[in-house]
Amino acid sequence: MAAREAKIDEARQRMYVEVILGAAEAEFAAHGFDATGMREIARRAGVSVKTVYDFYRSKLELYQAVGIARGAGLLAAVVEALASVRSESALDRLLAALTAYIGYAFEHPDYARLLLREGPLSPDPSERRAAEQDRQWARGLEASLSLIETGIENGELVPCEPQDLLAMMMNLLQIRLAAWLQHPDRWTRDSLIERARAELIRLACPPTVAADRLDETGLVLRR
């Protein structure tokens with residue numbers, strides 16, 4: 001009986017955490033850290049302010065918890081996508097990572113808004129990130145940079161400074177996510193991914209590689 005009650009209590013705790021994190025993510029994405037209060041988060045979550053504080057000692061701790069949870073999910077999605085790529089092509093692997101990134105953002109639009117508002121894709125990133133968030137982002141950047149270096153070496157990507165190409169990829173993500181969030185009715189998940197993949201190829205690949213990968217419009221990948 002005690003074990004059963006412990007499992008029920010654990011499930012209840014997880015439910016509260018998920019509800020509070022979801023509410024906090026939505027509030028932070030809509031209003032930013034400074035303009036968001038714990039009372040508004042509690043109201044959106046449908047719980048008392050005391051309940052929120054039972055799980056998170058401060059607004060900053062809750063803000064960081066949102067970033068850590070979503071960052072872990074994003075990183076896991078990218079790792080899974082890379083593991084499923086059978087090709088040794090660095091370009092194929094970059095495209096898979098890009099697909100996973102945008103797909104995850106599409107499934108979590110509030111997280112995408114938060115990334116653009118105060119996260120690493122923002123022109124003015126917040127300094128409130130936890131160390132774990134920085135480690136997550138660094139892991140993703142390091143993996144991308146390694147693929148870019150390989151792609152440059154084997155001729156799939158244009159010869160340039162790898163860091164410059166990485167910065168261009170980050171700018172591409174920023175532009176595509178912003179365009180989608182501004183006009184969500186114009187984009188499906190697949191159309192957003194297709195456009196970003198085609199743009200990456202046009203911008204990062206030599207003309208011969210781009211011609212082989214894209215159709216005559218330059219907007220669609222050859223099947």
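The values are calculated or read from the model by the stated rules, or taken from the named source; none is laboratory data. Since we're looking at a predicted model, the values are computed, not measured. Neighbour counts run over all protein chains shown; Cβ positions are idealised from the backbone, glycine included.
Whether a residue is surrounded by 12 or more Cβ atoms within 10 Å (Cβ to Cβ), over 22 Å from Q133 (Cα atoms) and either modelled with pLDDT of 95 or more or not assigned by TED's automatic domain parsing to the domain that holds E149 (or both) was assessed, and R39 does not pass this test. On inspection, R139 fails the criterion of being basic (K, R), part of a helix (DSSP H, G or I) and without any contact (Cβ under 8 Å) to a residue 24 or more places away in the chain. In summary, P120 fulfils each of the numbered conditions (1) in contact with a helix residue (DSSP H, G or I) (Cβ under 7 Å, 6 or more places away or on another chain); (2) more than 26 Å from T150 (Cβ to Cβ); (3) not small (G, A, S) with the single exception of condition (2). Might you check whether a residue that is touching a Ser or Thr at 6+ places or on another chain (Cβ under 8 Å), among the basic types (K, R), assigned to a helix (DSSP H, G or I) and not assigned by TED's automatic domain parsing to the domain that holds A29 occurs anywhere in the range 109-117? Checked against the condition, which is being touching a Ser or Thr at 6+ places or on another chain (Cβ under 8 Å), among the basic types (K, R), assigned to a helix (DSSP H, G or I) and not assigned by TED's automatic domain parsing to the domain that holds A29, the range 109-117 yields no hits at all.
Can you confirm whether V52 is among the β-branched types (V, I, T) and without any contact (Cβ under 8 Å) to a residue 12 or more places away in the chain? Criteria not met by V52.
Residues are listed down the side, and each one gets a yes or a no for (1) of a type in the set (D, E); (2) in contact with a Pro (Cβ under 8 Å, 6 or more places away or on another chain); (3) part of a helix (DSSP H, G or I):
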| site | (1), (2), (3) |
| --- | --- |
| G119 | no, yes, no |
| Q133 | no, no, yes |
| G151 | no, no, yes |
| G155 | no, yes, no |
| D164 | yes, no, yes |
| A167 | no, no, yes |
| L173 | no, no, yes |
| R197 | no, no, yes |
| L200 | no, no, yes |
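Tallying residues that are exposed (fewer than 15 other Cβ atoms within 10 Å of the Cβ), within 24 Å of D190 (Cβ to Cβ) and not polar (S, T, N, Q) within the range 86-104 yields 1. Sub-6 Å Cβ pairs linking a first residue in the range 202-216 that is without any contact (Cβ under 8 Å) to a residue 12 or more places away in the chain to a second residue that is of a type in the set (V, I, T) and outside any loop (DSSP other than H, G, I, E, B), at least 6 apart or interchain, are A210/I201, ordered by first then second residue. If the condition is being surrounded by fewer than 16 Cβ atoms within 10 Å (Cβ to Cβ) and either over 22 Å from D212 (Cβ atoms) or under 23 Å from the mean Cα position of the chain (by Cα) (or both), then the range 150-165 contributes E161, Q163, D164. For the range 78-87, the condition holds for at least one residue, the condition being that it is touching a residue at least 40 places away in the same chain (Cβ under 8 Å) and within 30 Å of L145 (Cα to Cα).
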